[in-house]
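Scroll down for the structure; my scribbles are underneath it.
The values are calculated or read from the model by the stated rules, or taken from the named source; none is laboratory data. Because the structure is a prediction, the values reported are computed rather than measured. So basically every Cβ, Gly included, is an ideal-geometry build from the backbone, and we count neighbours across all protein chains shown. Keep in mind that these areas ignore ligands, DNA and RNA; they rest on the heavy atoms of the full protein, side chains included. Shrake-Rupley method; radii C 1.70, N 1.55, O 1.52, S 1.80 Å.
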Amino acid sequence: ADIPPFYCRLMTITSNSPGLARVVVADARHLEALMSIMRVGFDPHYGEAWSTAQLAGTLTLDGSFARQAVDANDNIQGFTLSRVVAGEAELLLVAVDPQLRQRGIGRLLVEQVADDVRRYGASAMFLEVRENNNAARQLYRSLGFIDVGRRANYYTGVSGERFAAITMRRIVLD
C-alpha cells in the first residue's frame, strides 16, 4: 500500500522538551537533515548507520515512509524510517540527536509510526535492535514490543566485531 506523503498527525511533547516537538513527514527533500541525525545518532562502532544511498533508495520503495521530529524552529531532532508490506510493518530506523535523548522524542516518533501503520492496515510492527542496546530495548518494551527472535552476527562494527540483533514485535491493531 502506498503511504500518501502528506499524511501525518501533528503531536507535541509536553515534558522534558527543550521546545515543542512535532512529527512531520520526511521525504527525499529532507535527506541531508535525516543524514545529519544518522551521523550523530548511531555509534559507528556498531555499524548500524545507513549510507545516504541506502536511505534515499529505501524512501523510493512502495510502502516506505519517513517521519521527522522537529522543534518549534523546524530543526530536526530525530527521525524514523518504516515500511508497510503485506499487512506487516517494519520500523527500519529510529534515530534521535544524542543531545536530545531521554526527552520523549524517540517515544513520540515510534508512537506516530504505530498510528500510521495501523491506519494502513498493518496488524503488527517489527524492528531489529542491537542486542546490547539496552536503552532502545527498554524504550521498545515500554511501547509494547516483545522479543520474538535473535539474529546472530547481524551487525558488523568498524573493528570487525559482530553483534546480534533482537527482533521485536508489537501488535498494532486493536
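Considering only the stretch 122-143, I want to know if a residue exists there that is in contact with a Leu (Cβ under 9 Å, 6 or more places away or on another chain) and either in contact (Cβ under 8 Å) with a residue 60 or more places away in the chain or among the charged types (D, E, K, R) (or both). Scanning the stretch 122-143 turns up at least one residue that is in contact with a Leu (Cβ under 9 Å, 6 or more places away or on another chain) and either in contact (Cβ under 8 Å) with a residue 60 or more places away in the chain or among the charged types (D, E, K, R) (or both).
With respect to the stated conditions, residue 69 fails to be more than 26 Å from residue 133 (Cα to Cα) and modelled with pLDDT of 90 or more.
Is it the case, given these coordinates, that residue 87 is modelled with pLDDT under 95, closer than 14 Å to residue 170 by Cα and of a type outside the set (Lys, Arg)? Quick ask: steps written out before the conclusion?
Values: modelled with pLDDT under 95: yes; closer than 14 Å to residue 170 by Cα: yes; of a type outside the set (Lys, Arg): yes.
So residue 87 fits the description; yes.
Listed residues 124, 114, 95; which is within 23 Å of residue 35 (Cβ to Cβ) and either modelled with pLDDT of 95 or more or open to solvent by 70 Å² or more (accessible area, probe 1.4 Å) (or both)? Full working, then the answer.
On the way: 124 fails: within 23 Å of residue 35 (Cβ to Cβ); 114 fails: within 23 Å of residue 35 (Cβ to Cβ).
One residue alone meets the criteria, 95.
Taken together, the residues in the stretch 69-105 that are farther than 16 Å from residue 25 by Cβ, of a type in the set (Val, Ile, Thr) and without any contact (Cβ under 8 Å) to a residue 40 or more places away in the chain amount to 1. Residue count for the stretch 1-40 under the criterion of being touching a Gly at 6+ places or on another chain (Cβ under 7 Å) and at pLDDT 95 or above: the result is 1. Could you please give the count of residues in the stretch 137-154 that are surrounded by 14 or more Cβ atoms within 10 Å (Cβ to Cβ) and at pLDDT below 95? Count: 1.
Selection over the stretch 51-68 of residues that are open to solvent by less than 60 Å² (accessible area, probe 1.4 Å) and touching a residue at least 24 places away in the same chain (Cβ under 8 Å) gives a count of 10.
Among residues belonging to the stretch 155-174 that are assigned to a strand (DSSP E or B) and touching a residue at least 60 places away in the same chain (Cβ under 8 Å), point out the one that is surrounded by the fewest Cβ atoms within 10 Å (Cβ to Cβ). That would be 156.
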